[in-house]
Amino acid sequence: MISLIVANESHTHIVSALLAGLFEDVEHSLTFEDIVDIFADIDASDHHSTLLALNEDGDAVGVITVAESISLSAGGRYGVINELYVVPDYRSEGVGKMLMDFAKEIGQQQGWARIEVTTPGDEFDKTLRFYEREGFMKIGPRYKFMME
């Protein structure tokens, strides 16, 4: 049986290990140590939630991070899923959906107009189909500018 919890500072190393797995899958350059440093700052924000899925032994098998943003075009406050990862042995077992439903609950409680997600790219077709099954629709590409 899977249980869901809101992560806190005591879960930093667990969250970091899961996200290091995600970043390895999508060829992102952040290391475990980078994530530990960044997570402490992010976790202190009132506009961010990290949710963990735990198996019956209490081991973390999934994580989702959600942050609040605001935009006129979005209709006010909305959520952004920044990361979603389920360990390989638990994929296709409903863990991702449970995490997504938990994020949607937070959005409802916060009065968000919607939730957005950045996807890893067209080569991750299973991931894209998952989001589509969850009711997400494509809104266009995203770009970034690196502050140095």
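The values are calculated or read from the model by the stated rules, or taken from the named source; none is laboratory data. Since the structure is predicted, the reported quantities are computational estimates derived from the model, not experimental observations. Virtual Cβ from ideal backbone geometry, glycine too; neighbours counted across all protein chains shown.
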Which listed residue is modelled with pLDDT under 85 and surrounded by 12 or more Cβ atoms within 10 Å (Cβ to Cβ), from 65, 50, 31: 31
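From the set of residues in region 128-145 that are assigned to a loop (DSSP other than H, G, I, E, B) and of a type in the set (A, V, I, L, M, F, W, C), which is farthest from residue 97 (Cα to Cα)?
Initially, region 128-145 is screened for residues assigned to a loop (DSSP other than H, G, I, E, B), giving 134-145.
Imposing the further condition that a residue be of a type in the set (A, V, I, L, M, F, W, C) reduces the set to 136-137, 139, 145.
Numbers: 136: 13, 137: 16, 139: 21, 145: 31 Å.
The qualifying residue farthest from residue 97 (Cα to Cα) is 145.
Per-residue answers, yes or no, for (1) touching a strand residue (DSSP E or B) at 6+ places or on another chain (Cβ under 7 Å); (2) free of Cβ contacts under 8 Å to residues at least 60 places away in the same chain; (3) under 24 Å from residue 129 (Cα atoms):
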residue	(1), (2), (3)
25	no, no, yes
61	yes, yes, yes
67	yes, yes, yes
71	yes, yes, no
79	yes, yes, yes
82	yes, yes, yes
102	yes, no, yes
Single match in 100, 1 (criterion: modelled with pLDDT of 95 or more and either closer than 26 Å to residue 125 by Cβ or not in a strand (DSSP E or B) (or both)): 100
Region 10-41: number of residues that are part of a helix (DSSP H, G or I) and of a type in the set (S, T, N, Q): 3
Selection status of residue 120, assigned to a loop (DSSP other than H, G, I, E, B), touching a helix residue (DSSP H, G or I) at 6+ places or on another chain (Cβ under 7 Å) and not hydrophobic (A, V, I, L, M, F, W, C): yes
Any pair with Cβ under 8 angstrom, 6 or more apart, that starts in region 34-50 at a residue that is on the phi < 0 side of the Ramachandran plot and ends at one that is β-branched (Val, Ile, Thr) and modelled with pLDDT under 85: 48/42; 50/42
Cross-chain or 6+ apart pairs with Cβ under 8 Å, region 1-22 first and buried (at least 18 other Cβ atoms within 10 Å of the Cβ), then assigned to a loop (DSSP other than H, G, I, E, B) and not small (Gly, Ala, Ser): 18/87; 19/30; 20/30; 20/31; 22/28
Whichever residue in region 107-126 is surrounded by fewer than 18 Cβ atoms within 10 Å (Cβ to Cβ) and touching a strand residue (DSSP E or B) at 6+ places or on another chain (Cβ under 6 Å) and, among such residues, is nearest to residue 67 (Cα to Cα): 116
